[in-house]
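Working notes, beginning with the structure itself.
Rule-based calculations on the coordinates, nothing more; no lab input. All values reported here derive from a predicted model rather than from experimental measurement. Every residue, glycine among them, receives a Cβ derived from its backbone with ideal geometry; neighbour counts consider all protein chains shown.
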Amino acid sequence: VRVADMAELRGLGRHEFAWHFAAGIALWSFLEYVLHRFVFHLVIDTTPVWIMIHFLMHGLHHKFPLDRTRLVFPPLPAAVLASIIYGVILLVVPLRSAPAIIAGGTLGYVCYDLMHYYLHH
């Protein structure tokens with residue numbers, strides 16, 4: 001089943017679908033900026049435990065930028081984060097709009113990861 005068909009079944013026309021899809025792409029761009037700026041480069045504490053957690057979460061990527069295994073978000077944490085984002089979207093937007101926004105956000109994420117990988121290699 002295509003996402004556009006799912007949206008149409010919920011009463012979302014093709015033009016509305018396109019706008020909501022674009023909003024999903026923009027939402028991903030905003031989330032990526034916020035996560036990268038305020039989470040991945042956040043300095044919470046200077047205790048060795050926090051330094052290690054931060055280094056394992058994102059520091060390794062900067063230490064070894066050409067390591068092919070560290071360029072995209074690992075699948076398990078990505079699934080957890082995606083589930084949280086999916087749940088929040090379902091809570092805050094009308095149900096008829098959610099599939100288009102989620103599809104746009106997913107495409108934004110995939111394009112970001114592909115571009116990120118390409119720029120490093």
Cα long-axis angle, helix 75-92 against the chain (0 to 90 degrees, to the nearest 10): 40
Stretchable slack from V110 to F40, in nm (0.36 nm times residue separation minus alpha-carbon distance): 23.3 nm
FRET efficiency for A23 and M57, using Cβ-Cβ distance with R0 set to 35 Å, rounded to 0.05: 0.80
Per residue convex hull volume, Cα atoms of region 9-53, in Å³: 87
Projected label distance in nm at L81 and L31, using a 7 Å step from Cα toward the beta-carbon: 0.9
Rel. contact order, % - alpha carbon contacts under 8 angstrom, at least six apart, the chain: 51
Isotropic mean projected area of the C-alpha convex hull, region 2-121 (nm²): 8.5
